[in-house]
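**Q** Can you read through this structure? Questions will come right after.
Nothing in this text is a laboratory measurement; each read-out follows from the coordinates by a stated rule. Because the structure is predicted, anything quoted here is derived from the model rather than measured. All Cβ positions, glycine included, derive from the backbone under ideal geometry; neighbour counts span all protein chains shown.
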Amino acid sequence: NAGVMQNPRHLVRRRGQEARLRCSPMKGHSHVYWYRQLPEEGLKFMVYLQKENIIDESGMPKERFSAEFPKEGPSILRIQQVVRGDSAAYFCASSPIGLQGPTEAFFGQGTRLTVV
Amino acid sequence: AQSVTQLDSHVSVSEGTPVLLRCNYSSSYSPSLFWYVQHPNKGLQLLLKYTSAATLVKGINGFEAEFKKSETSFHLTKPSAHMSDAAEYFCVVTPPAGGTSYGKLTFGQGTILTVHP
């Protein structure tokens, strides 16, 4: 049973370009979460999705960032017109049910975005 | 509201000596607490979790943590450090069970553990 798969592992974009980060949850998991880790900081919640639905996007920046989890295929985190401040590690996690209480989150290896 | 504070940003130990990584939490509810480890350029791996069944929790790789409600602490320990333990460790609390919030894990700032030969 493969774990949470994220690709690419490393992504370099020039300022103003678009970045697309992909996440395939563990088999049987229909709940996906995206977190961002800035240098010297812990992970910060961005968005929670189920298939074809955004459940909670309260951690997403208001502009340039969007996320989706289509019926088929991986979840996508999309950052338009990237700026240097978007440089960070982006982690995806999945769980079999909604993540609260003792439910464990399973994390991918992350995508490290560098904006030059 | 919930919060987690890791009291040390860096801890350095010698191989074979005990490890103590400190975590204090604040929660209005009975919390579920986790410790995750992140090796360089890797994802996060669950070490152990507290879910109110027992206050002393044993995890993988010889790690354990004790939940102390009176001290609002959940410190991570290991009797004897190994070189492979060098990594960053995160104390995490999840939204309370039965509430309306899902997935908003609250992370501590992380503690980088260095192990010297």
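**Q** If the chain between A:R9 and A:E63 were fully stretched, how many nm would it gain, using 0.36 nm times the residue separation less the Cα-Cα distance?
**A** Details: separation 54, 0.36 × 54 = 19.44 nm, distance 2.41 nm.
Once the chain is fully extended between A:R9 and A:E63, it gains 17.0 nm.
**Q** Ok, one more. Would you mind getting me the FRET efficiency between B:S28 and A:E72? Use the beta-carbon distance for r and R0 = 41 Å, nearest 0.05.
**A** That gives a FRET efficiency of 0.55.
**Q** Provide the FRET efficiency to the nearest 0.05 for the B:L7-B:E64 pair, computing r from the beta carbons and using R0 = 22 Å.
**A** 0.75
**Q** What list of ³J(HN,Hα) couplings, whole Hz, do you get for the stretch A:77-85 from phi and the Karplus terms 6.51, -1.76, 1.60, once you set θ to phi - 60° and write x for glycine and proline?
**A** 10, 10, 10, 8, 6, 4, 10, 4, x
**Q** Just to be sure I understand: with springs between alpha-carbon atoms less than 10 Å apart, which residue in A:G42, A:G28, A:G101 has the highest mean-square fluctuation in the Gaussian network model of chain A?
**A** A:G101
**Q** Rounded to a whole number, what is D in µm²/s for the stretch B:2-117 from Stokes-Einstein with the Kirkwood radius over alpha-carbon pairs (20 °C, 1.002 mPa s)?
**A** 150 µm²/s
**Q** Would you grab the residues whose amide H sits under 5 Å from the one on A:D56? Only those 5+ places off in sequence or on another chain, please, with H modelled 1.01 Å from N.
**A** So A:D56 has HN proximity to A:Y48.
**Q** Each label point is 7 Å from the Cα along the Cα-to-Cβ direction; what then is the distance between the points at A:Q50 and B:I112, in nm?
**A** 4.0 nm
**Q** Hey, what do the phi angles of the stretch B:34-40 turn into as Karplus ³J(HN,Hα) couplings, whole Hz, using 6.51/-1.76/1.60 and θ = phi - 60°, x for Gly and Pro?
**A** 3J(HN,Hα) across the stretch B:34-40, in whole Hz: 9, 10, 10, 10, 10, 7, x.
**Q** Please check: in the Gaussian network model of chain B (C-alpha springs, under 10 Å), which one of B:K78, B:K104, B:K68 has the largest mean-square fluctuation.
**A** B:K104
**Q** Taking every DSSP beta bridge that has both residues in chain A, what percent is antiparallel when rounded to the nearest 5? Could the numbers behind the result be given before it?
**A** Numbers: 34 of 38 bridges.
Roughly 90 percent of the beta bridges in chain A run antiparallel, per DSSP.
**Q** Quick one: dipole size for the protein assembly as shown, taken about the Cα centre, charges +1 on Lys/Arg Cβ and -1 on Asp/Glu Cβ, in debye to the nearest 20. Please list the in-between numbers first.
**A** Details: 24 positive and 18 negative charges, 127 e Å.
So the magnitude is around 600 debye.
**Q** About its Cα centre, how strong a charge dipole does chain B have in debye, to the nearest 20, once Lys and Arg get +1 and Asp and Glu get -1 at the Cβ?
**A** It comes to approximately 300 debye.
**Q** Using R₀ = 22 Å, calculate the FRET efficiency as 1/(1 + (r/R₀)^6) where r is the Cβ-Cβ separation of B:K42 and B:T100; round to 0.05.
**A** FRET efficiency, B:K42 to B:T100: 0.10.
**Q** Tell me the label-point distance for the pair B:E71, A:R84, using the 7 Å Cα-to-Cβ offset, in nm and rounded to one decimal.
**A** Between B:E71 and A:R84, the label points sit 4.4 nm apart.
**Q** Choose one of A:N7, A:Q50, B:S28: the residue whose Cα lies farthest towards the positive end of the charge dipole of the protein assembly as shown (beta-carbon charges +1 Lys, Arg; -1 Asp, Glu; about the Cα centre).
**A** A:N7
**Q** Report the residue, chosen from A:K51, A:K27, A:K62, that carries the largest GNM mean-square fluctuation when chain A is represented by alpha-carbon nodes joined by springs under 10 Å.
**A** Evaluated over chain A, the most mobile residue of the options is A:K62.
**Q** From the phi angles alone, apply the Karplus equation (6.51, -1.76, 1.60; θ = phi - 60°) to the stretch A:91-107 and give each ³J(HN,Hα) in whole Hz, x where the residue is Gly or Pro.
**A** Once rounded to whole Hz, the list reads 10, 10, 10, 9, 8, x, 9, x, 7, 7, x, x, 5, 8, 9, 10, 9.
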